[in-house]
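S.K.: Here it is, the structure, as structure tokens.
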Amino acid sequence: MKKCFISLAGLQRWLNVLIDTQKHLYAPVNKGAKVDFGRVASADEIVFDHIQTTQSAKSVAFPRTDVLFSYEKEKGKVQLENADLTAYPETVVFGLHPCDAAGFNPLGAIFNWDYKDELYNARMERTVVITLACTKADEYCFCTSVNGGPGNTVGSDIQLTPVKDGFLAEILTEKGEALVKADEAAFEADRGDVKEKYLVKLPEKFDIKTVQEKLQTAFESPIWKAQSQRCIGCGACAYVCPTCACFDIQEDAHGTKGKRLRCWDSCGFALFTLHTSGHNPRQTQAQRWRQRLLHKFSYMPDRLSVRGCTGCGRCSRACPVDMNIAEHLRSI
Amino acid sequence: MEDVLIEKKPAIAGNSFSGELQKTANELLQSGEVELFIGYEEGTRFPRPCFIASTDEVGKLIFDDRCTGNLAVYLTRKDLIGDKKVGITASYFALRSILRLLTEHQIQLDKLVVLTVSAEKEVIRFATTDDITAYLQTAPIPVREDDKALIEKLNAMSREERWEFWSAELSKCFKCYACRAACPMCYCTKCIVEENRPQWIQPWASTLANIEWHINRAMHMTGRCADCGACGAACPLGLPIHLLSHQIVQEVTDNFALDVNQAVSGDNALSTFKPEDKENFIK
């Protein structure tokens, strides 16, 4: 790992060089009253002073709608064409916080559980992750409760920490090093900045070990019904989550040709587990809420050795009825 | 927590009317007249819905100007309510939704105690639908200041500009259906977007598929929408989708011989013919 210093002007110059070399740069930008990831044409569009973007950065590797293959029927024959993975753009995602970068770990574990998902992997191979360590947090943040932290470097190729007059840059991977080479002169010698001094101090909201132990025997607990009463069963929490990976397969058919699509889905929807027979193994919102929490904090750690939560707090910010996940975990 | 740089939005100082309400809820639960009381409690940043089944919990009930979420959405939730006798603190717009749900035979007033808290801090209990209608006609309509500027902007746009505006906004939608889930009038057990034989609406997220969804929703709301804004408030992306149905309320008022209050208590504008309906759109 190499440490450098970079000024804001230097950073913008470097990012503009990356844009000029045909890389797709995604970064936090103003979208109405909210800040969210968007493709930027110039580094000066990037927003730095927000706490959290509305959505996570997962769509760079797991877009909301993705073409798996296309097909065409002609004279009794079917022509199939796989998605062209070589056409995926070289992508740089900038300005995501450590909780989002950490999210690529569970996401990757799901997409490589048994079948190696070529689409996800091809997109990740072409993606470089530049995180921005957190100097502030809000009341929804709880990364420190799920083994993360405001300066956690898991999943980052480069991490920048805002320091006096610029940023401390930690170049963490070969991918990161290669990206620095695009405009090496923008980077200056390390000034000896102490990273921890600048990071927000976020106390733990719950003890994750205790929570996970309790969940082992909580399947039949009345708490799920009590907690989920106000849940209205939308998919906002899942769609803004950096680790939620459930998808639906749909068909965009036009006569004799069409495309097969993968699109986001959510375990919070009643339709999610509805069988063709009409039977639904998760008939109530309480069962669906239980599934959400157990999947993230019990099944994923058991099966994939990763947790399905990085403490970004987005689900709680996005929820129309304030299903605050940290509060719910604490009350189990 | 002192040295933590945690940003917290200050709670808006609302006019708190909680005391009387707690007293009334307590009486209703104690007498057994109500088995479940739906109200608001303090939340992380804003008040949130709460469900009270015992008198021990009435202390957390609040009602103030910040309580804008439409609680009527829970009245059609069978898994939550079942056959229970239910009490509800209804905001101005929730009262409109309750009238509409009654008209559409989705709820029954004999199992429902509808309360509101007036601007004079009085807890009002409604005995009949006429009482609710009368209250709505005299109570001031809550104004959403945030919307005013955008409504003016939309009204000043040409059709082409409006199409551009909505195409850009709706292209961002990722179809989490928070708008549908937050809406008291979206009580269908199977939504049109879930129909796949035939598939009326493309269920994935893309600009065209999103526009299909939101236009369909707006049409289904026509003449039924309480104009509560819950759909827009629920949108995690902050898309002003509530203005689609808000603008339609005006269209209905202008073209279907219904005023706004009547529109929520009378017949469904798009499935009812009246001789007074204007026909000037037929060319």
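S.K.: If I ask for residues that are within 14 Å of chain A (Cβ to nearest Cβ) and of a type outside the set (D, E, K, R), which ones from region B:20-50 would you list?
M.R.: B:LEU36, B:PHE37, B:ILE38, B:GLY39, B:TYR40, B:GLY43, B:THR44, B:PHE46, B:PRO47, B:PRO49, B:CYS50
S.K.: Using the structure shown, decide if B:MET185 is assigned by TED's automatic domain parsing to the domain that holds B:THR222 and either farther than 19 Å from B:CYS225 by Cβ or β-branched (Val, Ile, Thr) (or both).
M.R.: Here the answer is no, as B:MET185 does not meet what is asked.
S.K.: Right, another one. Here's a check for you: in region A:218-261, which residue that is part of a strand (DSSP E or B) and more than 9 Å from chain B (Cβ to nearest Cβ) is modelled with the lowest pLDDT?
M.R.: Going through the qualifying residues, I end up with A:HIS254.
S.K.: Residues that are within 22 Å of A:CYS263 (Cα to Cα) and either in contact (Cβ under 8 Å) with a residue 24 or more places away in the chain or under 20 Å from the mean Cα position of the chain (by Cα) (or both), at least 1 per element: which helices (runs of 4 or more DSSP H) completely within region B:131-218 meet that?
M.R.: Passing ranges, in order: B:159-171, B:178-182.
S.K.: Sticking with this one: How many of the residues in region B:44-79 are within 19 Å of the chain's Cα centre (by Cα) and not acidic (Asp, Glu)?
M.R.: Count: 21.
S.K.: Which count do you get for residues in region A:253-269 that are within 16 Å of B:GLU194 (Cα to Cα) and either open to solvent by 50 Å² or more (accessible area, probe 1.4 Å) or hydroxyl-bearing (Ser, Thr, Tyr) (or both)?
M.R.: 1
S.K.: Any residue that is under 16 Å from A:THR144 (Cα atoms), within 12 Å of another protein chain (Cβ to nearest Cβ) and open to solvent by 80 Å² or more (accessible area, probe 1.4 Å) - is there at least one of those in region A:203-216?
M.R.: Yes: region A:203-216 contains one or more residues that are under 16 Å from A:THR144 (Cα atoms), within 12 Å of another protein chain (Cβ to nearest Cβ) and open to solvent by 80 Å² or more (accessible area, probe 1.4 Å).
S.K.: Among what's in region A:113-146 and is within 14 Å of chain B (Cβ to nearest Cβ), touching an Asp or Glu at 6+ places or on another chain (Cβ under 9 Å) and assigned to a helix (DSSP H, G or I), pick the residue that is most open to solvent (accessible area, probe 1.4 Å).
M.R.: Checking each candidate, the answer is A:THR144.
S.K.: Can you tell which of A:GLN12, A:GLN79 is of a type outside the set (Ser, Thr, Tyr) and either under 17 Å from the mean Cα position of the chain (by Cα) or surrounded by fewer than 16 Cβ atoms within 10 Å (Cβ to Cβ) (or both)?
M.R.: Result: A:GLN79 is the single residue among A:GLN12, A:GLN79 that is of a type outside the set (Ser, Thr, Tyr) and either under 17 Å from the mean Cα position of the chain (by Cα) or surrounded by fewer than 16 Cβ atoms within 10 Å (Cβ to Cβ) (or both).
S.K.: Is it the case that region B:182-194 has a residue that's open to solvent by less than 30 Å² (accessible area, probe 1.4 Å) and more than 10 Å from chain A (Cβ to nearest Cβ)?
M.R.: Yes, region B:182-194 contains a residue that is open to solvent by less than 30 Å² (accessible area, probe 1.4 Å) and more than 10 Å from chain A (Cβ to nearest Cβ).
S.K.: For region A:271-286, indicate whether the set of residues that are touching a Ser or Thr at 6+ places or on another chain (Cβ under 8 Å), within 28 Å of A:LEU96 (Cβ to Cβ), surrounded by fewer than 22 Cβ atoms within 10 Å (Cβ to Cβ) and at pLDDT 95 or above is non-empty.
M.R.: Looking through region A:271-286, none of the residues is touching a Ser or Thr at 6+ places or on another chain (Cβ under 8 Å), within 28 Å of A:LEU96 (Cβ to Cβ), surrounded by fewer than 22 Cβ atoms within 10 Å (Cβ to Cβ) and at pLDDT 95 or above.
S.K.: Run down B:LEU99, B:LEU71, B:LEU109, B:LEU80 and say which single residue is over 16 Å from B:PHE37 (Cβ atoms) and without any contact (Cβ under 8 Å) to a residue 60 or more places away in the chain.
M.R.: B:LEU109
S.K.: Any chance region B:113-122 includes a residue that's surrounded by fewer than 21 Cβ atoms within 10 Å (Cβ to Cβ), assigned to a helix (DSSP H, G or I) and in contact with a Leu (Cβ under 8 Å, 6 or more places away or on another chain)?
M.R.: No, region B:113-122 contains no residue that is surrounded by fewer than 21 Cβ atoms within 10 Å (Cβ to Cβ), assigned to a helix (DSSP H, G or I) and in contact with a Leu (Cβ under 8 Å, 6 or more places away or on another chain).
S.K.: Let me ask something else about it. Checking the conditions here, which among A:ASP44, A:ASP20, A:ASP66, A:ASP100 is more than 14 Å from every other protein chain (Cβ to nearest Cβ), among the charged types (D, E, K, R) and in contact with a helix residue (DSSP H, G or I) (Cβ under 7 Å, 6 or more places away or on another chain)?
M.R.: A:ASP44
S.K.: Could you list, in sequence order, all residues of region B:69-94 that are out of contact with any helix residue (DSSP H, G or I) (no Cβ under 9 Å at 6 or more places or on another chain) and either more than 10 Å from chain A (Cβ to nearest Cβ) or part of a loop (DSSP other than H, G, I, E, B) (or both)?
M.R.: Passing the criteria: only B:GLY82.
S.K.: While we're here: Going by what's in this entry, would A:ASP49 be described as of a type in the set (Asp, Glu), open to solvent by 30 Å² or more (accessible area, probe 1.4 Å) and within 14 Å of chain B (Cβ to nearest Cβ)?
M.R.: yes
S.K.: Something else now. In region A:64-82, which residues are free of Cβ contacts under 8 Å to residues at least 24 places away in the same chain and part of a loop (DSSP other than H, G, I, E, B)?
M.R.: A:LYS75, A:GLY76
S.K.: Looking at this structure, is A:ALA185 among the small types (Gly, Ala, Ser), open to solvent by 20 Å² or more (accessible area, probe 1.4 Å) and assigned to a helix (DSSP H, G or I)?
M.R.: Judged against the criteria, A:ALA185 is a match.
S.K.: Further, regarding this structure: Looking at A:VAL17, A:VAL40 in this structure, which one is closer than 20 Å to A:ALA101 by Cα and among the aliphatic types (A, V, I, L, M)?
M.R.: Every option except A:VAL40 fails the conditions.
S.K.: Can I ask one more? Could you please give the count of residues in region B:21-68 that are of a type in the set (Ser, Thr, Tyr), outside any helix (DSSP H, G or I) and in contact (Cβ under 8 Å) with a residue 24 or more places away in the chain?
M.R.: 3
S.K.: Quick check on A:CYS315: is it open to solvent by less than 30 Å² (accessible area, probe 1.4 Å), closer than 27 Å to A:GLY151 by Cβ and either more than 10 Å from chain B (Cβ to nearest Cβ) or of a type in the set (D, E, K, R) (or both)?
M.R.: No.
S.K.: Right, here's the next one. Within the bounds of region A:295-310, is there any residue that is surrounded by 19 or more Cβ atoms within 10 Å (Cβ to Cβ) and either within 14 Å of chain B (Cβ to nearest Cβ) or within 25 Å of B:GLY232 (Cα to Cα) (or both)?
M.R.: Taking every residue of region A:295-310 in turn, none turns out to be surrounded by 19 or more Cβ atoms within 10 Å (Cβ to Cβ) and either within 14 Å of chain B (Cβ to nearest Cβ) or within 25 Å of B:GLY232 (Cα to Cα) (or both).
S.K.: May I pose another question? Can you tell me how many residues within region A:158-182 are among the small types (Gly, Ala, Ser) and either open to solvent by 50 Å² or more (accessible area, probe 1.4 Å) or not in a helix (DSSP H, G or I) (or both)?
M.R.: 3
S.K.: Quick check, is A:HIS275 without any contact (Cβ under 8 Å) to a residue 24 or more places away in the chain and either within 30 Å of B:SER206 (Cα to Cα) or assigned to a helix (DSSP H, G or I) (or both)?
M.R.: Here the answer is yes, as A:HIS275 does meet what is asked.
The values are calculated or read from the model by the stated rules, or taken from the named source; none is laboratory data. Computed from a prediction, not measured in an experiment: that's the story for all the values here. When we count neighbours, we look across all protein chains shown, and the Cβ atoms used for this are built from the backbone with ideal geometry, even at glycine. Just the protein is used for accessible areas: all its heavy atoms, side chains included, with ligands, DNA and RNA removed. Shrake-Rupley method; radii C 1.70, N 1.55, O 1.52, S 1.80 Å.
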